[in-house]
């Protein structure tokens, strides 16, 4: 394992991407789709040899800053690596442009789930499996890099509780420990610790969906999409799934892994003594889900009462479940729509405002999870700061309690959270302006910008007044959205950290 740690991070990801091409090749062989099988097998051979050549050429390379090298490698992984992943996909589809194939792979690898192939029958089952697999691998990469790269550098939401500056890594008193813990070794260690958990959870959900009545191939794609929060589906979403309520209930239970990192990595990020009941992210998520679900259900209930359908108990329960599932799904930035989501509109005769779902996707899930958005911990820090400011208005001489960590979250944590929130808002405005320059309408540009930056691709088909097709936007707009997806996945602070002089020093 020592020689692996000496390779550049991007080269390792290239090798894993090449090996992953065996999966759709084997699936296509079973499905007797020999054209797709040959394309992906040849892609595996070609890119495995290319990775081997690059690995031999860079075997003795020692970067001046491993942290900087990993950040640059991570940025390259979400921008350059999809070019490699798109080659067999483009050849297998045949009647598509390479730009569309690259956009599809960027969307999948960043766990956004936006697709230019609106018709599920446009792609073969093996290609849908490849999309879901790329999204699943992207989610695993987010899990690992959040703990091994972002946490030591106080990025990705960890800056809210950090005692050191953003992008500066450990505080000075722990310099010797930080020097002993080599970043490459730490990356391998967390990969070996988190990958079995990720695989086991995916397998458990897959088996559960099959038992609930779903077809194995579709169940596997939905299981991978749920754990990675990519929302990729070979049949257009859970709305058309055969497992219906029981399948949705299983998926709903697994949403918890996108709401709090304590569900899978408590012992890895200095949270061993903290449970879910004391986790501010998890509790904030419960409050948000409860409030939004209650407001939407109340709106539908009033509409149903006005048309005389308020006594329909079955319709009310279906409306409640459809609202609860869909709201939670968009908070985790997965974007699955419940089969009963449309039933709520039919029960009350009222449409559901898409602005609610846009707001939930903007907030996003937990830190160090596969979810995108602003993140729950930052929202919690801003709430606690606002709560403290209101107390000071009533009692100017009062002293805020809660201990050192609570004071840090209310002050430094809230400050950096507000900075990130403003950067996120500015990013939305910039992306909207750029999309408008390509000819995209204002409302469409707003939904697409939020969808890309929050990595919630299905938002475009649900939140707008009319479903938005990614296939209908100009090619220049697709490039802008792909860049926005990468920015939303890595977050603005991580990009800014690349310009930190400290990580460029020897």
Potential extension, residue 429-residue 415 segment - 0.36 nm per residue separation minus Cα distance: 2.9 nm
Checking the a/c ratio against 1.5 first, then a/b against b/c, what shape does the Cα gyration tensor give for the chain? oblate
Under a point spin-label approximation (7 Å from Cα along Cα-to-Cβ), what is the residue 483-residue 50 distance to one decimal in nm? 2.4
Which ordering of 27, 395 is given by a fewest-first count of other beta-carbon atoms within 10 Å? 395, 27
For the ranges 106-117, 8-19, what's the packing order if you count other beta-carbon atoms within 10 Å of each residue, average per peptide, and put the highest first? 106-117, 8-19
On the formula 1/(1 + (r/R0)^6), with r taken between the Cβ atoms of residue 76 and residue 466 and R0 of 51 Å, the FRET efficiency rounded to 0.05 is 0.90
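Sort region 86-135 into rounded, prolate or oblate with this rule: let a ≥ b ≥ c be the square roots of the eigenvalues of the Cα gyration tensor; rounded if a/c is under 1.5, and if a/c is not under 1.5, prolate when a/b is larger than b/c, oblate otherwise.
Since a/c stays below 1.5, the shape of region 86-135 is classed as rounded.
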What is the spin-label model distance, in nm, from residue 62 to residue 394 if the labels are put 7 Å beyond Cα along the C-beta direction? 6.1
For the chain, averaging the sequence separation of alpha carbon pairs under 8 Å that lie six or more residues apart and dividing by its residue count, the contact order in percent is 17
What Rg and what Dmax come out for region 188-271 when only alpha-carbon atoms are used, in angstroms? 13.6, 41
For region 433-479, Rg(Cα) over 2.2 N^0.38 Å is 1.01
By the Cα gyration tensor axes a ≥ b ≥ c (a/c under 1.5 gives rounded; else a/b larger than b/c gives prolate, otherwise oblate), the shape of region 421-506 is prolate
Between the modelled labels at residue 99 and residue 404 (7 Å from Cα along Cα→Cβ) the distance in nm is 5.5
Over all directions, how big on average is the projection of the convex hull of the alpha-carbon atoms in region 1-145, in square nanometres? 8.8
Highest mean packing first, using Cβ neighbours within 10 angstrom, the peptides 145-151, 387-393 sort as 145-151, 387-393
Would you kindly state how much longer the chain becomes between residue 35 and residue 277 on full extension, computed as 0.36 nm times their sequence separation minus their alpha carbon distance, in nm to one decimal? 81.9 nm
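Bear in mind these aren't lab numbers, they're just calculated from the coordinates by the rules spelled out. Note that the coordinates shown come from a computational prediction; the quantities given were computed from them, not determined experimentally. So basically every Cβ, Gly included, is an ideal-geometry build from the backbone, and we count neighbours across all protein chains shown.
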